[in-house]
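**Student:** Let me give you the structure first, and then I'll get to my questions.
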Amino acid sequence: MKKQKIVKFIVKLWKEWRLTIFFIVFVVVPVKSSLADWNWVPTGSMNPTILEGDLLYINKLAYDLRFPLTWYRIAKWSEPKRGDIVILFSPEDETRLVKRIVAVPGDKVEMKNNVIFLNDQPLTYSKIDSKYTNQLASKIKGRPILATENLDGNSHVVMSTPSIPAVRNFGPITVPQGKYFVMGDNRDNSRDSRYFGFVERQAIIGKAKGVILSFDITDKFQPRFSRFFSSVD
């Protein structure tokens with residue numbers, strides 16, 4: 001008798017939820033896997049461009065179309081470029097990371113005292129005003145040094161913190177075919193290609209296009225309304 005009640009209950013649940021289950025399995029999962037996705041940012045490795053507590057919109061069609069739940073590419077129309085902010089699987093433990101493409105296959109990359117050299121030419125840097133520090137966690141205000149970095153004709157803000165031990169010199173090294181060199185914009189507080197090496201092309205799964213929502217995880221998850229539905233570059 002008890003077994004019959006359990007069976008009836010399961011059948012009832014199936015009848016009530018089957019459309020939802022079908023929708024999740026055949027619509028939500030494929031879309032999230034192959035077309036678009038979102039990514040919560042738990043760390044400050046991309047400060048000040050991306051902050052802890054940002055929810056990013058990820059365009060998984062930026063470079064190619066993949067078969068759902070696999071790395072198999074059905075079609076390809078472009079490759080990651082220098083300066084792109086991408087979502088990738090870490091070569092160390094396959095966790096999802098957000099980093100910036102610094103060097104592409106064939107590039108020679110080097111760093112001297114936190115200055116990046118690409119193909120023997122230093123990137124250009126310029127001072128920036130302090131407006132970005134207002135969005136950084138209060139515990140690091142006043143400590144970071146902010147600058148605008150020009151990479152392939154496009155500018156973005158990078159941050160260094162001299163008090164933090166970090167790799168500020170390496171190379172020169174040449175990026176092999178099919179691989180990429182990535183770094184965080186928070187140069188002295190980012191685990192990136194300086195530590196885990198090159199990233200395979202297939203491990204890059206999409207491009208970050210913007211911030212959907214943002215909450216300050218260092219201040220009781222207060223909403224950062226100014227960052228809602230903003231772009232990242």
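Values in this text are rule-based calculations from the coordinates and carry no lab data. Computed from a predicted model, the values in this text were never measured in an experiment. Every residue, glycine among them, receives a Cβ derived from its backbone with ideal geometry; neighbour counts consider all protein chains shown.
**Student:** Test of the criteria: in segment 182-233, which trypsin sites (Lys or Arg not before Pro) are in a DSSP loop and have at most 12 other Cβ atoms within 10 angstrom of their Cβ?
**Tutor:** Here the sparse-neighbourhood loop sites are K220.
**Student:** Quick one: dipole size for segment 138-233, taken about the Cα centre, charges +1 on Lys/Arg Cβ and -1 on Asp/Glu Cβ, in debye to the nearest 20.
**Tutor:** The calculated dipole for segment 138-233 is roughly 220 debye.
**Student:** List the trypsin sites (Lys or Arg not before Pro) within segment 72-113 that fall in a DSSP loop (any state other than H, G, I, E or B) and whose Cβ has at most 16 other Cβ atoms within 10 Å.
**Tutor:** Those that pass, being in a loop and sparsely packed, are K81.
**Student:** Which of the aspartates and glutamates could a cross-linker span from K112 if the Cα-Cα distance has to be under 15 Å and same-chain partners fewer than 8 positions apart are dropped?
**Tutor:** The qualifying aspartates and glutamates are D120, E149, D188.
**Student:** On to the next question. Among I58, F117, I204, pick out the residue whose Cα is farthest towards the positive end of the charge dipole of segment 35-231, where Lys and Arg carry +1 and Asp and Glu carry -1 on C-beta, about the Cα centre.
**Tutor:** The Cα lying farthest towards the positive end belongs to I58.
**Student:** Starting from the amide H of D84, placed 1.01 Å from N in the peptide plane, find each other amide H under 5 Å away whose residue is 5 or more places distant or on another chain.
**Tutor:** I101
**Student:** If you don't mind, another one. Counting other Cβ atoms within 10 Å, keep those with at most 11, restrict to DSSP loop, and tell me which GluC sites (Glu not before Pro) in segment 69-125 are left.
**Tutor:** E92, E94
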